[in-house]
Amino acid sequence: MIIAVDGPTASGKGTIAKALAAHFGLPHLDTGLLYRAVGRQVQLAGSNPDDPHAAAAACDFPVSLLDDEILRSEEVGGYASRVSVHPAVRHALYQRQRAFALQEGGAVLDGRDIGTVIAPEAEVKLFVTASPAERARRRWLEMTGRGIDVELAAIEADIAARDARDTGRKDAPLVAAADAVVLDNTAMGRDEAIAAAIAAVIARAG
Ligand code: C5P
């Protein structure tokens, strides 16, 4: 069974995808990490993430980069969002994601275009979302909890910019697949959102 989990930044899709993988005993790929690695490689090279050639060149990043905690930073997330608009970057990362989706026994992948581009044949597609204000509030709580001093307004602006880039790009824009189950978890806690996702998978997959 392939489970595609898509949604905007800070929607909780990563947490839900991880929980689904554990619950159904499937391997999980956080595809955002691949784009983050490309963004980080561009940053390390001192290149411009808006330059398609520099971004494409960064796609042969060393595999060890995927374990670097710095990929989780807001700054690298911003780079990832900028490199991900280039078709050459999306093309370079396609095969790896496709192979993961098609492995024997199935898989859970989370990202922006899993149900629409990477695995359109997925048995279950979830589109996980929450209001921009709630996503910003959660991201702010998480960051201040880690001791990072940041203004809520700055997070709101960052989330709005990433949403605009993700939904506005020509190639593989962020959009719910026509056959996706939309899970808006604005008013849900973590456990409730996970339970709703598990129930949606069971309802779809039987
Ligand atoms: O999900 P995460 O925030 O780690 O993703 C970082 C960036 O990578 C996103 O803002 C998005 O622009 C890009 N991305 C993408 N397609 C995916 C996963 C992530 O374009 N499948």
Practice problem: Keeping every protein chain in place, order H86, H91 by accessible area at 1.4 Å, biggest value first, i.e. largest first. | Solution: H91, H86
Self-check item: Cα point-scatterer Debye curve for the stretch 156-206, base-10 log of I(q)/I(0) at q = 0.16, 0.29, 0.31 Å⁻¹
Solution: -0.68, -1.02, -1.06
Quiz item: Principal axis lengths of the stretch 104-155 from Cα atoms, whole Å, largest first?
Solution: 44, 22, 14
Quiz item: Using a basic spin-label model with each label point 7 Å from the Cα along Cα→Cβ, how many nm lie between A45 and A178?
Solution: 3.8
Practice problem: Before rounding to the nearest 500, sum -39500 (n - 2.57) across all DSSP H runs of length at least 4 in the chain and divide by the residue total; then give [θ] at 222 nm in deg cm²/dmol. | Solution: -16000 deg cm²/dmol
Exercise. Report the normalised scattering of the stretch 124-181 as log10 I(q)/I(0) at q = 0.14, 0.23 Å⁻¹, calculated by the Debye formula with identical scatterers on the alpha carbons.
Key: -0.50, -0.94
Exercise. Ignoring everything but the protein chains, give the 1.4 Å probe accessible area of T186 in square angstrom, nearest 10.
Key: 50
Quiz item: Which part of the stretch 177-193 falls in the paramagnetic zone of H23, meaning amide N under 19 Å from the point 7 Å along Cα-to-beta-carbon?
Solution: 180-193
Exercise. Compute, for E69, the solvent-accessible surface of its heavy atoms (probe 1.4 Å) with the complete set of protein chains present, and express it in square angstrom to the nearest 10.
Key: 130
Exercise. Round to the nearest 10 and report in Å² the accessible area of R36, as given by a 1.4 Å probe over the protein chains' heavy atoms.
Key: 50
Self-check item: Equivalent ellipsoid dimensions for the stretch 1-109 as semi-axes, Å, which come from the Cα gyration tensor, largest first
Solution: 25, 15, 12
Exercise. May I ask you to compute the full-extension gain from R72 to S131, defined as 0.36 nm times their residue separation minus their alpha-carbon distance, rounded to one decimal in nm?
Key: 19.1 nm
Quiz item: Which of V89, V175, V150 moves the most in a Gaussian network model of the chain with Cα springs under 10 Å?
Solution: V150
Quiz item: Working out 0.36 nm times the residue gap between L141 and D191, then minus their Cα-Cα distance, what length gain in nm do you get to one decimal?
Solution: 16.3 nm
Practice problem: Please compute P(r) over all alpha-carbon pairs of the chain, binned at 5 Å starting from zero, and give each bin as a whole-number percent. | Solution: 1, 8, 15, 20, 21, 17, 12, 5, 1, 0
Quiz prompt | Net charge, K18 excluded, C-beta distance under 9 Å - Lys, Arg +1, Asp, Glu -1 | solution = -2
Quiz item: Within the P(r) computed for the stretch 69-132, what percentage of the Cα pairs occupies the region above 13 Å?
Solution: 70
Quiz prompt | Phi-based couplings in Hz for the stretch 31-38 (Karplus 6.51, -1.76, 1.60; Gly and Pro marked x) | solution = 6, x, 5, 5, 5, 5, 5, 5
Quiz item: Along the three principal axes, how long is the stretch 91-204 when you take its alpha carbons, biggest first, rounded to the nearest angstrom?
Solution: 44, 33, 26
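The values are calculated or read from the model by the stated rules, or taken from the named source; none is laboratory data. Model, not experiment: these values are computed from the prediction. In this analysis, Cβ positions are derived from the backbone assuming ideal geometry, glycine residues included, and neighbour counts consider all displayed protein chains. Protein only, heavy atoms only, side chains kept; ligands, DNA and RNA dropped before computing areas. Shrake-Rupley method; radii C 1.70, N 1.55, O 1.52, S 1.80 Å.
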